[in-house]
Amino acid sequence: MQRTTRNILFVSSEAVPFAKTGGLGDVCGALPKILKKLGHDVRLVLPRYWSMSHKAHDLEWEVSPMEVQMGNCILWCGVLKGWIEDVPVYFIEYEKFFGRAGLYDDGYHEFSDNAARFGFFSRACLQLCRSIDFKPDIIHAHDWQTALVAPYLKIWGSDREYFRNTASVFTIHNIGYQGKFPADVYDFLGLGLENFTESKFECHGRIHFMKGAVFYADAITTVSPTHAEEIMTGIGSNGVAQYIERRRKDVFGIINGADYDHWDPDNDPLISQQYSLVHFSGKAFCKETLQREFNLTVDPGIPLIALISRMSYQKGKHLLIPIIEDIVHHMRVQFVILGKGEKHMEDYFGGLPARFPGRIGAWIGYTERKAHVMQAGADFLLMPSLYEPCGLNQIYALRYGTIPIVRDTGGLRDTVIQYNEQDGSGTGFMFHNPTPSAVYNTVGWVVSTYYDRSPHIDAMRKQGMGESFSWVDSALRYEKVYTHALARRKVWA
Ligand code: ADP
């Protein structure tokens, strides 16, 4: 059957290798490449952050200046161009909004002008299409940062003719961050006073970006089938379930793929020795390297559990605080912890290595290399998330022969197969309750399996390494969503 190829504009605030704070960056760096390979004309737009140098990223001027009409003013910006493989990437350059360290915050506090910054970015993406004469069939926006793209597409009369055949898709990567802001920015955003209603942008007197996208987008996706159900039924939806439920026919859950160009121990330049399912011995060397790097006792026979995630409640790190010391007192196990976020969590976890030398290692920060070194060297990856739309870390862990220990939620449920103690099958350990005691008991189960049923551990590593979360499968599903969005495309008077 002949497949239809389309013009697709990806609009995101992050994409590897240019900018990343989490899974959003991984996805928007990988999915456009695959859609391009499938024959689509895909282009990506990002803000040009202060951290991106023209020289290091080979950026060239594409448009300068570019006029962007906002609700109550005109702003002038520039556009640079770079590449991710053969995907063109456009960068909106506007010093006042993006010429600062940090994407959304200064490390601890959100920037107070985030609504203006990303509202402007969303408008600029639409203007860019006209400036480079690219007529997208689909504009695919991601999370609150670009949530206003779909509304602008429908609301602004001046754009209507140009985007007559364009449909919008909005993907929710993290429902915990919805983009709620004081309403005084509303005139600048130019969304129309008549639209400041409870069903569209208004939420307790504030403006709510994600609600607007949920109302206006032609299709809505999130990053796993289980999470798609969760966000319509209230569990983990953070208050927007009823609005998403109204769009049920247009809501899809598509599991993320893994970019095995970046995350494969057989081809990973950041780890001390490469290894694969067939040549597995390198993993032991990686464990030793990890133990040395984090000042742990070098011992191949002690189970080593890694945590690689933001220091946030979503990631369930707080569940560990009441029990990690008991675990280390009662079980022969080591921990390595990497993360950045809530100050009190940083202080607590950052202080543990001094109190438990040789047993707990920690690094407070965001370091791509350490994330790879930990995936390769650890025996287990612990993700006690309260909610997890997809989760990429456990998918990477599987490929690294690092067994995930996860809470039964969202994408974790869709990607990890529960260990069966009878026959040793499964790819990970799963628990249900988001409580410290559930985490404690599950770690106990893991440790006893490690010491008492080691053939099961070997079998699980092998089964996990054999799993493949292909981006091609996911991209083919997105193609179907694009077709749906075009067929269901709404026109607003
Ligand atoms: P989320 O997007 O909710 O943060 P995911 O599991 O989907 O969670 O993706 C997390 C991504 O961010 C992974 O690529 C992971 O390696 C990376 N990551 C998370 N924390 C850190 C950190 N402190 N340093 C380096 N990489 C990190």
Revision key, fill the gap. Along the stretch 376-382, Karplus-curve 3J(HN,Hα) (6.51, -1.76, 1.60; θ = phi - 60°) to the nearest Hz, with x for Gly and Pro, reads 6, x, 7, 8, 9, 10, 9
Point to revise | Inter-part distance where the stretch 379-444 and the stretch 327-348 are each reduced to a Cα centre, Å | key: 18 Å
Exercise for review: Excluding residues on the same chain fewer than 8 positions from LYS96, give the aspartates and glutamates whose Cα lies under 14 Å from its Cα.
Suggested key: ASP113
Exercise for review: Return the sequence-ordered ³J(HN,Hα) values of the stretch 426-439 in whole Hz as given by the Karplus equation 6.51 cos²θ - 1.76 cosθ + 1.60 applied to θ = phi - 60°, using x for Gly and Pro.
Suggested key: x, 10, x, 10, 10, 10, 9, 6, x, 10, x, 5, 5, 5
Revision key, fill the gap. The chain, Kirkwood Rh and Cα Rg, ratio Rg/Rh at 0.98
Review point. Solvent-accessible area per residue for the stretch 282-465 at a 1.4 Å probe radius, Å²?
Key: 35 Å²
Practice item. Could you work out how far the C-alpha centroid of the stretch 1-52 sits from that of the stretch 114-129, in angstrom? Key: 17 Å
Practice item. Kindly rank 66-78, 28-40 from highest to lowest mean number of other beta carbons found within 10 Å of each residue. Key: 28-40, 66-78
Check your understanding: Once you sort the root eigenvalues of the Cα gyration tensor of the stretch 278-368 as a ≥ b ≥ c, which label holds: rounded (a/c under 1.5), prolate (a/b larger than b/c) or oblate (the other case)?
Key -> prolate
Revision key, fill the gap. For THR171, the residues 5 or more places away or on another chain with a placed amide H closer than 5 Å to its own amide H are ALA141, HIS142, ASP143, THR221
Revision key, fill the gap. Of 171-182, 242-253, ordering from highest average Cβ density within 10 Å down gives 171-182, 242-253
Check your understanding: Taking Cα pairs under 8 Å and at least six residues apart, what relative contact order does the chain come out at, in percent?
Key -> 13 percent
Check your understanding: Got a number for carbon plus sulfur as a percent of the stretch 235-292's accessible area, 1.4 Å probe?
Key -> 53 percent
Revision key, fill the gap. per DSSP, antiparallel bridges as share of beta bridges in the chain, % nearest 5, sits at 30 percent
Exercise for review: Counting only C-alpha contacts under 8 Å and six or more residues apart, can you give the relative contact order of the stretch 282-465 as a whole percent?
Suggested key: 22 percent
Exercise for review: Specify the angular offset, from 0 to 90 degrees and rounded to the nearest 10, of the alpha carbon long axis of helix 282-293 from the longest principal axis of the alpha carbons in the chain.
Suggested key: 90 degrees
Practice item. Rounded, prolate or oblate: pick one for the stretch 282-465, where a ≥ b ≥ c are the square roots of the eigenvalues of its C-alpha gyration tensor, a/c under 1.5 means rounded, and failing that, prolate if a/b is larger than b/c, else oblate. Key: rounded
Review point. Rounded if a/c is under 1.5, else prolate if a/b beats b/c, else oblate: with a ≥ b ≥ c from the C-alpha gyration tensor eigenvalues square-rooted, which is the stretch 393-466?
Key: oblate
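The values are calculated or read from the model by the stated rules, or taken from the named source; none is laboratory data. Source: prediction; values computed, not measured. As a convention, Cβ positions derive from the backbone with ideal geometry for all residues, glycine included, and neighbour counts pool all protein chains shown. Note: accessible area is taken over every heavy atom of the protein model, side chains too, but ligands, DNA and RNA are not part of it. Shrake-Rupley method; radii C 1.70, N 1.55, O 1.52, S 1.80 Å.
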